[in-house]
Structures are given as C-alpha cells and as structure tokens.
Amino acid sequence: MKQPAQVQGFTLLEALVTIVIVSIGLLGLLGLQTVSIVNTQVSASRTQATFAADNIADRMRANRAGVDSNAYDGLNHQSANGSKPNCDNGNSCSPAEMARYDAFVWDEALGSSQAGLPQGQGAIACIETAATGSGCVRYRVTISWQERQPDQTSGTGTPTTQSFQTVVQP
C-alpha cells in the first residue's frame, strides 16, 4: 500500500525542529557559562583585595610605634614607589622606616600579577584621631584595581576602576 504524499518528509521536519531547539538551549548554556566566568573573576579580585587589606592591617598592628606616630597616615601608591627601606634580614629600622617598608612591600604585592588585581593600588588614610592626640585610632584602607566589565551591546569589555574599602583599628 502506498503512503499519501503529504506524509512524506515529516520525519525530516521533526529532526530539523529538534536541532533548532537543542541549538537554542546550547546557546543559553554558553551564555550562562560566560556570565559565570566573569562573576568568578570579579569574586576572585574582591577576595584578593580583602586579603591585601588584612595584610596591611596586620603589618600596622605589628608596628604599633609607627601607628602611634602616624607614620601610616597618607601612605599610597605614589609614596610607596620611592626607595625601599632596608628593613629586611634583621636590619633595624625606625617605626617610620618600617611603615614605609610595609607600604612598599604591600604596594609591590598589590601590583604583582600574583595578587590577581590588575593595576592594583592601595592607600591608607587616618579617619579618627585619639582624644588625647597620641595618634590615629582608625584608618581607612582603600584598594583599587582595573576590571573589565562586559559590554552587552558589543560583546567586548571596557575597563572600569573597582575599589574595596575597609576601616582598620590597629
């Protein structure tokens, strides 16, 4: 018995519709994967900034005399780029030299590729002094870096400056 003419090719049409539906699903999964990778990179940068802030806070707590003399106030990327004080390998340093050394090492770590912060820079500023005038009680630690934000229209990323701030009370 012969099949009617309108039934011929129906299986081919079903296969093509299935391919289109599966392709749309795979493109959706690809988009989710891309967003996931970007969010993972953003999260990693923020985690590294948190670690860097903890690093300088610990350095400040270890150099209490430098904190009391306000040696950490105003330290930033520009001031850390000077000459590195010779405070390593057991050499003795004044509290102010130790603060400059800490800033130099901290800034070097922020700018390195290992920190995961592209063009990372740090700054420390006193935000509250003691009532007795004996020094700074609270500092604001700011860490900034460049991050690429995906552009929805062109598919390329544009660099934007991100920052992380925390208050440290050594």
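The values are calculated or read from the model by the stated rules, or taken from the named source; none is laboratory data. The shown structure was predicted, so the numbers you read here are calculated from the model rather than taken from an experiment. Note that each Cβ is placed from the backbone with ideal geometry, even for glycine, and that neighbours are counted across all protein chains shown. All accessible areas refer to the heavy atoms of the entire protein, side chains included, with ligands and DNA or RNA removed. Shrake-Rupley method; radii C 1.70, N 1.55, O 1.52, S 1.80 Å.
State whether the residues of region 127-136 include one that is more than 18 Å from V42 (Cα to Cα), open to solvent by less than 40 Å² (accessible area, probe 1.4 Å), modelled with pLDDT under 85 and out of contact with any Phe, Trp or Tyr (no Cβ under 9 Å at 6 or more places or on another chain). So far as region 127-136 goes, yes, one or more of its residues are more than 18 Å from V42 (Cα to Cα), open to solvent by less than 40 Å² (accessible area, probe 1.4 Å), modelled with pLDDT under 85 and out of contact with any Phe, Trp or Tyr (no Cβ under 9 Å at 6 or more places or on another chain).
Has region 65-73 got at least one residue that is among the small types (G, A, S), open to solvent by 70 Å² or more (accessible area, probe 1.4 Å) and within 16 Å of Y139 (Cβ to Cβ)?
Keep residues of region 65-73 that are among the small types (G, A, S), which gives 65-66, 69, 71.
From what's left, open to solvent by 70 Å² or more (accessible area, probe 1.4 Å): 69.
Okay, now just the ones that are also within 16 Å of Y139 (Cβ to Cβ), so 69.
Yes, region 65-73 has at least one match.
Filter region 144-170 down to residues that are assigned to a loop (DSSP other than H, G, I, E, B) and farther than 19 Å from Q33 by Cβ and give me whichever is modelled with the lowest pLDDT. Checking each candidate, the answer is S154.
Are any of the residues in region 80-95 within 13 Å of E108 (Cβ to Cβ), of a type in the set (A, V, I, L, M) and at pLDDT below 90? Among the residues of region 80-95, at least one is within 13 Å of E108 (Cβ to Cβ), of a type in the set (A, V, I, L, M) and at pLDDT below 90, which makes the answer yes.
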